Amino acid sequence: MYRSLVSFLGILFFFFTSFAQAPKKNSSSDIYHAIQKLNFLGSALYIAAHPDDENTRLISYLSNEVKARTAYLSLTRGDGGQNLIGPELKELLGVLRTQELLAARSIDGGEQYFTRAVDFGYSKHPTETLKIWNKDTVLGDVVRMIRKFRPDVVINRFDHRTPGSTHGHHTSSAILSVEAFDLAADINSFPNQLGELELWQPKRLFFNTSWWFYGSEEKFNNADKSKMLNYDIGVYYPILGRSNNEIASLASSQHRCQGFGRLMSRGSENEYIELLKGDLPQDKKNVFDGIDTTWSRVEGGDAVGAILYGIEENFNFKYPTTHLKGLLQAHRLLQKIPDTHWKKIKSKELEDIIAAITGLYLEASSENPMTNPGSSVSLAIEALNRSNAEVKLKSIKIGNIISSDKDIVLANNEKVNLKFDFTVPENTDYTSPYWLKKKGTLGMYTVDNRDLIGNPETPPAFQASFVLDFEGYPITFNKPVIHRYSRPDMGELYQPFDILPEATARFEDKVIIFADGKSKVIPVTIKAHRDSIKGEIVFCHAEGWKVEQESKPFEIAKKGDEQIVLFELEPPAHEDQNFISPIIKINGKEISKELVTIAYDHIPSQSVLIPSEAKVVRLNIQKVGEHIGYIVGAGDEVPKSLEQIGYQVHLIDPNSINPETLNKYSAIVMGIRAYNVVPELRFKQKYLFDYVANGGNLVVQYNTAGRWDEQYKDIAPFQLTLSRDRVTEEDSEVDIIAENHELVNYPNKITKADFEGWVQERGLYFPDAWDSNFTPILSMHDENETAKKGGLLIAPYGKGHYIYTGLSFFRELPEGVPGAYKLFANMLSVGKKNLDRKTNVKG
């Protein structure tokens with residue numbers, strides 16, 4: 001979809017944009033800025049761990065003030081974070097955050113790359129991180145990116161010398177960068193990369209330090225800065241109409257699912273980098289001091305530079321087309337230089353500038369946003385030259401098909417529309433993020449194609465190659481095949497052109513809980529991705545589970561329509577965890593994929609094919625009560641999970657909270673981070689406490705310490721202090737320290753076995769101090785740490801109970817962890833032994 005951005009940022013789309021973005025609209029100022037960058041032959045690589053770790057101020061400064069080719073290498077795609085704008089989590093969140101990073105880079109002018117490391121959640125120490133990540137593999141990816149990008153300068157966001165002081169992923173990114181800085185030039189390190197890549201030694205390695213890393217501004221002011229460089233990154237760009245930190249604010253605000261939208265900052269602002277390796281620049285205001293960043297850097301470059309420096313010096317803002325002859329001559333000379341690295345980079349930059357000064361518009365748009373292998377596709381071709389230059393469209397090629405339309409003169413502002421028909425080869429890969437095509441591990445994605453490692457996204461399914469003749473000199477422009485359309489509320493929009501299977505299938509529920517031995521009807525939704533499909537769907541299940549009919553036929557007439565096929569599944573008599581999956585059979589093909597579409601207005605629409613499966617869990621679980629009130633916080637799937645075990649969950653509008661609306665529930669649950677993100681709650685605490693005093697159970701899930709209004713300091717009826725304590729090792733030992741408490745005995749007996757199979761973590765933001773009215777139920781800790789007893793606290797209050805828990809139920813319940821369900825049912829049931837099991841009425 002079209003990214004709506006203010007027009008002054010046109011230049012920042014010039015060189016690095018997602019392939020389904022609206023075409024660039026470049027002013028003369030944009031073109032001049034691009035020529036300035038064209039004449040700078042230096043590169044900087046910024047390295048950190050996650051999306052939103054990058055310093056957009058420094059990336060923008062290097063790209064737009066220094067004019068360096070600048071990139072951000074994020075070791076992960078942010079899969080382990082949370083999502084404030086939608087339901088995507090884990091690998092789907094990684095897809096969303098990848099696109100948000102690309103949106104940020106399109107604003108600050110940087111490029112974006114990744115390793116194969118997975119953000120598996122918070123890690124306290126790099127030792128744990130590098131074990132789960134597979135250190136050698138991720139180190140190899142960092143070395144690969146240095147050899148591929150060939151930076152003169154590498155800048156780390158974090159300090160490799162302070163393990164354990166911050167997120168383990170953060171420190172690990174710096175540790176790997178420091179090692180890779182030397183290994184990239186070592187012929188004995190990762191020799192399998194050589195041949196496709198060459199050895200490369202960056203000149204300097206820096207740490208992007210600040211007072212924050214020193215603990216206070218006073219300590220930083222007194223620190224030794226002899227090896228530090230500092231820059232005023234608040235510089236104003238008249239040619240862009242914005243300051244550097246305004247651009248940086250816009251860039252970081254693209255991290256919307258992380259809630260990073262912020263006000264623009266303006267004015268002078270210092271940024272510091274500390275030299276770790278290499279020689280210290282004599283000119284501390286120039287990170288490239290002593291490094292040749294002119295055209296003289298490459299053999300044969302002086303002749304190219306003589307032309308391009310002249311164009312920059314005498315640029316014609318009113319009629320930039322007058323520079324076409326010189327740009328074409330520079331392009332011709334550039335093809336003769338032996339340095340293939342800079343030749344490729346600068347040729348692409350120069351071609352974009354040539355297209356911009358001639359107002360060139362080239363597009364290949366499909367009638368539909370998707371098709372299937374083997375299908376015929378009709379494309380609308382548009383070619384337009386908006387200048388007096390002599391331009392001829394020599395040929396068009398898509399896939400292996402060359403259009404019969406050739407040697408078409410593109411007269412000034414006279415649009416040429418053509419039709420291009422071709423058949424998608426049967427062996428064409430389906431469109432999906434390349435790093436999700438094969439099953440990975442907890443810490444690593446599996447990518448077999450080495451050419452794709454590091455790339456931000458999967459290349460477009462097809463590209464249209466336009467060969468244009470400029471006054472006798474041919475240049476090829478490659479444009480991704482896209483789908484252009486309009487919406488009444490948005491106008492003209494663009495999205496990727498995708499190749500999808502003929503049909504996909506999905507389970508509506510990814511975890512299905514069987515609380516007893518009764519069978520359940522399981523709907524499987526089949527979606528057609530072409531007209532007139534029919535076949536059969538096979539229901540696959542594990543031994544011990546029974547289905548009344550293994551396969552059923554289906555038939556769907558229209559593309560985009562869905563059909564629901566019902567299967568009745570009977571669980572085993574004993575407790576069990578397993579998986580079910582559907583297989584679609586059409587004309588000898590077997591398809592076992594589910595299609596997930598991620599669509600937001602600030603990113604291009606993403607088609608993600610993942611294995612279609614659901615986890616089935618047979619539980620022997622007891623509960624008391626039926627009607628549960630739920631106050632949604634930052635968003636989680638706990639309400640849906642509770643419905644799986646028979647509760648009726650009612651979402652409560654915080655504005656409607658009063659004694660009458662609350663007393664009908666046997667328990668009320670606060671969603672994660674509710675006090676952080678729901679401002680209305682500041683006026684409702686009295687009613688919630690009264691509800692507890694009158695006999696209700698209030699379960700408050702984790703909130704982030706220190707991120708709320710002062711009025712939220714009393715979130716509990718007794719003193720309770722939240723901290724940043726967390727237990728990240730999901731398999732850490734758990735001790736039940738209140739083994740006689742009703743909470744771990746009724747209606748389900750909780751044992752240590754109920755803490756097996758937890759995912760990502762035990763919990764986060766545990767309280768570290770509490771009133772004596774609270775009883776701590778559990779004790780747990782990460783390796784080499786002291787016991788944390790604040791993960792689950794309960795206090796009687798009046799006739800009811802107040803429960804605060806930092807345990808990560810929001811992760812465990814959607815993953816079908818049996819013990820988490822039993823413990824949550826106990827929290828909702830505590831103090832209710834005299835109530836009827838199915839109602840809220842005393843028996």
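So here's what we get for this one:
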| quantity | calculated |
| --- | --- |
| Index of the failed condition, residue 509 passing every other in (1) farther than 30 Å from residue 747 by Cβ; (2) at pLDDT below 95; (3) within 24 Å of the chain's Cα centre (by Cα); (4) assigned to a loop (DSSP other than H, G, I, E, B) | (1) |
| For residue 679: the one exception among (1) farther than 22 Å from residue 630 by Cβ; (2) without any contact (Cβ under 8 Å) to a residue 40 or more places away in the chain; (3) within 38 Å of the chain's Cα centre (by Cα) | (1) |
| Lone qualifier among 351, 382, 363 - being touching a residue at least 12 places away in the same chain (Cβ under 8 Å), touching a His at 6+ places or on another chain (Cβ under 9 Å) and charged (D, E, K, R) | 351 |
| Complete set of residues in region 551-584 that are over 27 Å from the mean Cα position of the chain (by Cα), surrounded by 15 or more Cβ atoms within 10 Å (Cβ to Cβ) and not hydrophobic (A, V, I, L, M, F, W, C) | 551, 559, 563, 570, 571, 572, 576, 577, 578, 582 |
| All positions within region 774-801 that are in contact with a Phe, Trp or Tyr (Cβ under 8 Å, 6 or more places away or on another chain) and in contact (Cβ under 8 Å) with a residue 60 or more places away in the chain | 788, 790, 791, 793, 795, 797, 800 |
| Flag for residue 294 being polar (S, T, N, Q), farther than 30 Å from residue 225 by Cα and out of contact with any strand residue (DSSP E or B) (no Cβ under 9 Å at 6 or more places or on another chain) | no |
| Residues (surrounded by 14 or more Cβ atoms within 10 Å (Cβ to Cβ) and in a helix (DSSP H, G or I)) located in region 203-227 | 211, 213, 214, 220 |
| Which numbered condition residue 502 fails, given (1) under 29 Å from residue 424 (Cα atoms); (2) under 27 Å from the mean Cα position of the chain (by Cα) | (2) |
| Output for region 330-344, where each listed residue is surrounded by 18 or more Cβ atoms within 10 Å (Cβ to Cβ) and among the basic types (Lys, Arg) | 343 |
| Region 754-793, subset in contact with a His (Cβ under 7 Å, 6 or more places away or on another chain) and not in a loop (DSSP other than H, G, I, E, B), residue farthest from residue 673 (Cα to Cα) | 775 |
| Subset of region 230-280 [touching a residue at least 40 places away in the same chain (Cβ under 8 Å), part of a loop (DSSP other than H, G, I, E, B) and not acidic (Asp, Glu)] | 233, 235, 239, 240, 241, 254, 255, 259, 260, 280 |
| Those residues of region 179-192 which are surrounded by fewer than 18 Cβ atoms within 10 Å (Cβ to Cβ) and either at pLDDT below 95 or in a helix (DSSP H, G or I) (or both), in sequence order | 179, 182, 191, 192 |
| Residue 312 vs. criteria more than 29 Å from residue 209 (Cα to Cα) and assigned to a loop (DSSP other than H, G, I, E, B) | no |
| Hey, residue 743 crowded, with 20+ Cβ neighbours inside 10 Å and more than 37 Å from the chain's Cα centre (by Cα) or not | yes |
| Scope region 210-235; condition over 15 Å from residue 56 (Cα atoms) and in contact with a strand residue (DSSP E or B) (Cβ under 7 Å, 6 or more places away or on another chain); matching residues | 227, 228, 229, 230 |
| Test set (1) over 23 Å from the mean Cα position of the chain (by Cα); (2) more than 26 Å from residue 446 (Cα to Cα); (3) at pLDDT below 95 - residue 195 fails condition number | (2) |
| Per-region count, region 735-764, residues in contact (Cβ under 8 Å) with a residue 60 or more places away in the chain and in contact with a Ser or Thr (Cβ under 6 Å, 6 or more places away or on another chain) | 3 |
| Filter result (of a type in the set (D, E, K, R) and more than 19 Å from the chain's Cα centre (by Cα)) within region 45-81 | 57, 65, 67, 69 |
| Unmet requirement for residue 675, which otherwise passes all of (1) under 19 Å from residue 790 (Cα atoms); (2) at pLDDT 95 or above | (2) |
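A quick yes/no check of all residues on (1) under 22 Å from residue 765 (Cβ atoms); (2) touching a Phe, Trp or Tyr at 6+ places or on another chain (Cβ under 6 Å); (3) surrounded by fewer than 21 Cβ atoms within 10 Å (Cβ to Cβ); (4) not assigned by TED's automatic domain parsing to the domain that holds residue 271:
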| position | (1), (2), (3), (4) |
| --- | --- |
| 50 | yes, no, no, no |
| 79 | yes, no, no, no |
| 91 | no, no, yes, no |
| 117 | no, yes, no, no |
| 123 | yes, no, no, no |
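The values are calculated or read from the model by the stated rules, or taken from the named source; none is laboratory data. Here the structure is a predicted model, which is why all the values come from computation and not from measurement. All Cβ positions, glycine included, derive from the backbone under ideal geometry; neighbour counts span all protein chains shown.
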